[in-house]
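Structure, as structure tokens:
Derivation of every value follows stated rules applied to the coordinates shown; laboratory data play no part. Everything numeric here is computed off the predicted structure, so don't read it as measured data. Virtual Cβ from ideal backbone geometry, glycine too; neighbours counted across all protein chains shown.
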Amino acid sequence: MSARPARFAFASVTALFFGWGFICANNDPLIAAARRVFGLSYTEALFTQIASFLAFALLSLPAASLLARAGAVRTIWLALAGMAAGCLAMQGIRWLPDFALVLGAIFVLASGVTLLQVAANPLAAALGPPEQSHYRLTLAHSFNALGVVCGVHFGARFVLAGPVFQSAAPIRSATERAAGIDAMAQAYLVMALLLAGLALLSLLARRSIAAAHIPEPPAAGGAFAALRSRWALLGALGIALYVGAEVTIGSALILYLSQADTLGLPLDAAGARVANLYWGGALAGRFLGSWLLRFVPAPHLLALAGAAAAALCLASLALPGPASAWCLLAVGLCNSIMFPTIFALTLERSGAPAAVTSGLLILAVGPGAALPLLAGGVADAAGLGWAFAVPALAYLYILGFARAAGRRAISSG
């Protein structure tokens with residue numbers, strides 16, 4: 001493939017990374033909005049994230065099989081169609097205002113995201129010289145983080161900035177409830193238009209994308225061969241706990257910052273603060289971490305990030321309201337390097353083949369759903385602030401994983 005078509009194809013694939021980051025990030029404002037519109041408990045509201053995790057757990061391996069049979073271009077189109085279907089299904093809450101419909105729409109949307117991730121990650125690595133594959137994949141994920149920041153901003157301003165959401169209390173008026181539902185539905189209609197643009201871009205780049213050599217994905221049952229590797233299992237647990245911790249904090253933080261005893265912000269302002277500082281910290285930390293990994297051993301940097309994240313979560317339990325809020329916002333910077341570093345350390349130390357180890361690590365994202373659910377139960381029982389003890393425990397495990405990785409040789413089984 002010549003350089004110019006490869007660059008255009010890579011740009012179109014990078015746009016997909018931005019797109020799914022933008023759309024998935026709107027789960028956080030959606031949780032704050034749905035809790036007020038439908039009068040939900042914290043546990044019920046966090047089922048929004050459970051629906052997303054469930055799609056990932058159920059469909060990641062079937063998506064790999066589909067990629068092998070249908071090819072990258074068709075898989076991308078099917079993924080975008082599934083995501084658009086989820087956005088359009090969200091319009092149904094205008095006529096059937098039921099939170100179960102929201103969960104169903106999110107599950108359909110997340111199913112499309114799962115397909116898109118399975119197809120886009122190997123494409124980003126394959127579209128160009130092999131020796132630059134790590135750089136391209138890291139760059140694509142940086143744009144994914146940018147999409148997350150922009151997506152939370154969009155949800156905060158498009159949905160939460162309205163007069164209906166200036167309070168976190170449940171809505172009692174039918175008129176206000178209708179206005180809140182309309183704002184939620186309109187936001188997902190805009191996202192459907194974004195997906196149409198991404199589909200057009202992938203259509204224009206289809207020949208270059210189809211020409212890329214994509215490594216064979218693991219067979220449907222192949223990932224379970226990694227169950228014989230202790231390090232593959234330890235790494236899979238690390239991935240599940242990291243994703244669950246990051247999502248738990250991001251999902252609850254808008255509501256937490258809006259409480260009178262923390263920062264007392266309106267929901268839209270709280271969403272903007274989360275976008276700029278929590279997710280923005282992860283974006284900045286990804287670039288900073290890439291540079292630091294040239295000089296600092298990966299286990300040491302991961303241990304530092306895990307220890308700092310755990311300390312900040314625990315400090316949020318002990319410090320007064322405003323200081324507690326700032327501690328949690330700072331956790332985003334610590335999160336930035338965790339996923340790729342855990343992934344790489346596990347691949348290096350697993351005794352199983354890289355393909356099946358990768359399959360198990362991808363599958364491990366789904367069980368991370370247990371953490372938001374557990375945190376929601378803690379919030380309902382003891383108050384929202386105590387929910388952040390759950391990610392603190394997850395980060396302590398990541399600290400232990402990093403220290404153990406630093407003491408073990410590569411490919412130790």
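Over the range 1-217, Cα pairs under 8 Å with separation of 6+ residues give a relative contact order of 40 percent. Sequence-ordered 3J(HN,Hα) estimates for the range 239-254 from the Karplus curve with 6.51, -1.76 and 1.60 and θ = phi - 60° stand at 5, 4, 5, 4, 4, x, 5, 4, 5, 4, 5, x, 6, 8, 5, 4 Hz, glycine and proline given as x. Label sites at residue 308 and residue 407, each approximated as a point 7 angstrom past Cα along Cα to Cβ, lie 2.4 nm apart. Potential lengthening of the chain between residue 295 and residue 380 amounts to 26.2 nm, from the contour at 0.36 nm per residue minus the alpha-carbon distance. Projected over all directions and averaged, the alpha-carbon convex hull of the chain occupies 18.3 nm².
Projecting the Cα atoms of 288, 81, 204 onto the charge dipole of the chain (Cβ charges, centred on the Cα centre) puts 204 farthest toward the positive pole. Here residue 74 and residue 288 are evaluated by their C-beta separation; at R0 = 60 Å the FRET efficiency comes out at 0.95. If I take every Cα pair under 8 Å that is 6 or more residues apart in the range 219-413, average their sequence separation and divide by the length, what percent do I get for the relative contact order? For the range 219-413, the relative contact order is 40 percent.
Applying 1/(1 + (r/R0)^6) with r as the Cβ-Cβ distance of residue 173 and residue 276 and R0 = 30 angstrom yields a FRET efficiency of 0.40. Counted residue by residue at 0.36 nm each, then reduced by the alpha carbon distance between them, the extension gain from residue 227 to residue 81 reaches 49.2 nm. Note down the net charge around residue 300, summing +1 for each Lys or Arg and -1 for each Asp or Glu among other residues with Cβ under 12 Å from its Cβ. Net of charged neighbours comes to +2. Residues 249, 239 in ascending order of nearby Cβ atoms (within 10 Å, fewest first): 239, 249. Charge dipole of the chain (Cα centre as origin; +1 on each Lys and Arg Cβ, -1 on each Asp and Glu Cβ, all else neutral): 900 debye, rounded to the nearest 20. Normalised by 2.2 N^0.38 Å, where N is the number of residues, the alpha-carbon radius of gyration of the range 219-413 equals 1.05. Taking the fewest neighbouring Cβ atoms within 10 Å as the starting point, the ordered list for 14, 248 is 14, 248.
Panel order for 230, 69, by other beta carbons found within 10 Å of each beta carbon, from fewest to most: 69, 230. Here's the picture: charge each Lys and Arg Cβ at +1 and each Asp and Glu Cβ at -1 in the range 1-217, and of 128, 151, 61 the one pushed furthest to the positive end of that dipole is 128.
Packing, as the average of other Cβ atoms within 10 Å across residues, places the peptides 142-149, 92-99 in the order 142-149, 92-99, highest first. The mean of 1/r over all distinct Cα pairs in the range 39-189, once inverted, gives the Kirkwood hydrodynamic radius of 17.3 Å.
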